[in-house]
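**Student:** Handing you this structure, nothing more for now.
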Amino acid sequence: MAENFIIDQDKSKSEQYAEALLQLEFLVDGEPNLIANISNVMAALKYGFHFFWVGVYFVNQDELILGPFQGPVACTRIKKGRGVCGTAWKERKTLLVPNVDEFPGHISCSSASKSEIVIPVFDSNNEVKLILDVDSEELNAFDADDKKGLEAIAVLISKLLS
Ligand code: SME
């Protein structure tokens with residue numbers, strides 16, 4: 001596994017995500033444990049991209065349960081269809097929320113969070129197994145480059161599931 005994770009802040013966002021993906025592949029290489037790998041991926045993303053909050057929620061029956069994350073303490077359980085995470089799960093698609101106050105039913109785990117992006121992670125049967133959630137303290141922090149980059153990271157996480 002890689003011992004450090006460095007993202008060149010002077011590069012474009014899409015280059016940063018490409019660099020991140022390569023390093024994340026090294027980070028998880030050779031380790032079969034899902035929680036260990038997801039924990040390290042979350043730490044790498046938090047300290048590589050300086051996100052306010054980054055973490056996963058696992059699908060468990062009719063709700064999501066908090067998994068490995070980096071950032072302030074968060075809500076532990078979210079019902080299907082509730083909040084941004086529960087809606088991304090229900091609709092099986094990435095949700096980019098420029099202003100959380102304008103998202104009906106947004107669940108505020110921290111009043112400091114202003115925008116977020118939520119990406120579903122699918123297993124080999126095309127079922128949503130977990131949700132990747134990234135929050136920012138700034139409005140409108142995420143764009144199409146983040147969507148593309150984080151969806152590629154979601155594919156990497158989905159490969160860890162098998
Ligand atoms: N805001 C999310 C809840 C999770 S936290 O932001 C960590 C939502 O509305 O689903």
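What follows draws every value from the coordinates through simple rules; no lab data is involved. This is a predicted model, so every value here is computed, not measured. Cβ placement follows ideal geometry from the backbone for every residue including glycine, while neighbour counts extend to all protein chains displayed.
**Student:** Provide the gained length on full extension for the span N140 to S124, in nm with one decimal, where the gain is 0.36 nm per separating residue minus the Cα-Cα distance.
**Tutor:** Computed gain between N140 and S124 is 2.5 nm.
**Student:** I would also like to ask the following. For a Förster distance of 30 Å, can you work out the FRET efficiency between the beta-carbons of E63 and Q23, rounded to the nearest 0.05?
**Tutor:** 0.40
**Student:** Straight-line reach only, C-alpha to C-alpha below 25 angstrom: list the lysines that K13 could link to, leaving out same-chain residues fewer than 8 apart.
**Tutor:** Within the straight-line cut-off, K13 pairs with K46, K93, K114, K147, K148, K159.
**Student:** For K79, enumerate residues with amide H under 5 Å from its amide H, sequence gap 5+ or separate chain, H modeled in the peptide plane.
**Tutor:** Residues meeting the amide H criterion: L64.
**Student:** Sticking with this one: Order 48-56, 127-135 from most to least packed using the mean count of other Cβ atoms within 10 Å.
**Tutor:** Per-residue mean Cβ counts within 10 Å order the peptides as 127-135, 48-56.
**Student:** Note down the nm distance, to one decimal, between modelled labels 7 Å out along Cα→Cβ at K80 and at S162.
**Tutor:** 2.4 nm
**Student:** For the range 76-88, what does the Karplus curve 6.51 cos²θ - 1.76 cosθ + 1.60, with θ = phi - 60°, yield as ³J(HN,Hα) per residue in whole Hz, taken in order and with x for Gly and Pro?
**Tutor:** In residue order, the calculated couplings are 8, 10, 9, 6, 4, x, 9, x, 5, 5, x, 6, 4 Hz.
**Student:** Counting only residues 5 or more places away or on other chains, whose amide H sits under 5 Å from the amide H of G67 once H atoms are built in the peptide plane?
**Tutor:** V56, Y57, F58
**Student:** Which ³J(HN,Hα) values, rounded to whole Hz and listed in residue order, are derived for the range 35-46 from phi using the Karplus coefficients 6.51, -1.76 and 1.60 in 6.51 cos²θ - 1.76 cosθ + 1.60 with θ = phi - 60°, glycine and proline given as x?
**Tutor:** After applying 6.51 cos²θ - 1.76 cosθ + 1.60, I find 5, 4, 5, 5, 4, 5, 4, 5, 5, 4, 5, 4 Hz.
**Student:** For the chain, just run the numbers: alpha carbon Rg, then divide by 2.2 N^0.38 Å, N being how many residues it has. Could you put the intermediate results ahead of the total?
**Tutor:** Values: Rg = 14.6 Å, N = 162, 2.2 N^0.38 = 15.2 Å.
Taking N as the residue count of the chain, the ratio is 0.96.
**Student:** For the modelled label position 7 Å from the Cα of K147 along Cα-to-Cβ, which residues of the range 80-120 have backbone nitrogen atoms closer than 13 Å?
**Tutor:** It comes to 93-98, 117-120, nothing else.
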